[in-house]
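A short worksheet on the structure shown next.
Here, each number is a calculation from the coordinates, and none is a lab measurement. Just so it is clear, the model here is predicted, and its values are computed rather than measured. Reconstructed Cβ throughout: ideal geometry from the backbone, glycine too, with neighbour counts over all protein chains shown.
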Protein chains: 2
Amino acid sequence: MAFPVPPIDEVDLGQVFRALADPLRRAVVAELVADDADAERACASFAMPVAKSTKTHHWRALREAGLIVQRDAGNGTFVRLRRAEFERRFPGLLGTVARLSPAGRVPHG
Amino acid sequence: MAFPVPPIDEVDLGQVFRALADPLRRAVVAELVADDADAERACASFAMPVAKSTKTHHWRALREAGLIVQRDAGNGTFVRLRRAEFERRFPGLLGTVARLSPAGRVPHG
């Protein structure tokens, strides 16, 4: 089951910046940007040292900001970057974020 | 009198993104970025269709996020982009914001 996401043209840049204001969400986005193949990833494969309800909140914030699609496969949830359409809508932003918040540096706390 | 601003190395990227989440603040930043001369500008010279207290809040958010310096000259307040040091700390971000939120399109409401 795919979680609903907004059409990319309805995504608000303010909402994008609010989503990216959180260091854990930036780290996730940077990790997704770093994978040129844009492979689907198990949500559980991301280092997120927070409670389950907080993870759920973070994934929703990223979905609603148009950055990712997410689906529930029964045995877990999976996520994929909306790279092409996000890049078309907000050119250069993903690259800038990935440079400023390098992948592999997941903040703790 | 210059308002206090954080040393650029103490500025948090999350705070920068929160500052940039507001369309009026993005418009101001885009307008400042568009002036290659980085001239000081009267705060009153920006189109900000909001209450005075809200303007004060917006300027403070931009100052605390390390984006601007501001001073009170008695006959008004003046503002300048911290372009060089901000660019050194967060390379590429000012340019990306200016491209995504072009100057001259001040949002109303």
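Inter-chain Cβ neighbour count for A:36-45, averaged per residue, equals 0 (cutoff 10 Å, partner chain atoms only).
The local environment of A:Phe78, defined by Cβ-Cβ distances under 9 Å, has a net charge of +1 under the rule Lys, Arg +1 and Asp, Glu -1.
Fewest neighbouring Cβ atoms within 10 Å first, the residues A:Asp9, A:Asp72 line up as A:Asp9, A:Asp72.
Compute the signed sum of charges (Lys and Arg +1, Asp and Glu -1) over the other residues within less than 15 Å, Cβ to Cβ, of B:Cys43. Could you put the intermediate results ahead of the total?
On the way: positive: B:Arg25, B:Arg41, B:Lys52, B:Lys55, B:Arg60, B:Arg63, B:Arg71, B:Arg80; negative: B:Glu31, B:Asp35, B:Glu40, B:Asp72.
Summing Lys and Arg as +1 and Asp and Glu as -1 gives +4.
In summary, the aspartates and glutamates within cross-link reach of B:Lys52, defined as a Cα separation below 16 angstrom excluding same-chain residues under 8 places away, comprise B:Asp72. Inter-part distance, the range B:18-54 to the range A:17-51, computed on C-alpha centroids, equals 31 Å.
As an exercise, use a Förster radius of 25 Å and the Cβ-Cβ distance of B:Ala34 and A:Arg60 to find the FRET efficiency, rounded to the nearest 0.05. Don't skip to the answer; put the middle values down first.
Numbers: r = 35 Å, r/R0 = 1.41.
Here the calculated transfer efficiency is 0.10.
With θ taken as phi - 60° and the Karplus curve 6.51 cos²θ - 1.76 cosθ + 1.60 applied, the whole-hertz 3J(HN,Hα) list for the range B:66-76 is x, 7, 9, 10, 9, 9, 9, 9, x, 8, x Hz, x standing for glycine and proline.
If R0 is 25 Å, what FRET efficiency do you get for A:Glu87 and A:Ala42 from their C-beta distance, rounded to 0.05? Efficiency, from the Cβ-Cβ distance: 0.60.
Per residue of A:11-22, how many C-beta atoms from partner chains lie within 10 Å of its own C-beta, taken as a mean? Mean number of neighbouring Cβ atoms from other chains: 5. Positive contributions from Lys and Arg (+1) and negative ones from Asp and Glu (-1), summed over other residues with Cβ under 13 Å from the Cβ of B:Ala2, come out at +2.
Restricting to DSSP H runs of at least four residues, report the calculated mean residue ellipticity at 222 nm for the protein assembly as shown, -39500 (n - 2.57) per run over all residues, nearest 500 deg cm²/dmol. Intermediate results must be reported in sequence, preceding the final value.
Details: 10 runs with 96 residues, N = 218.
Only helices count here, giving -12500 deg cm²/dmol.
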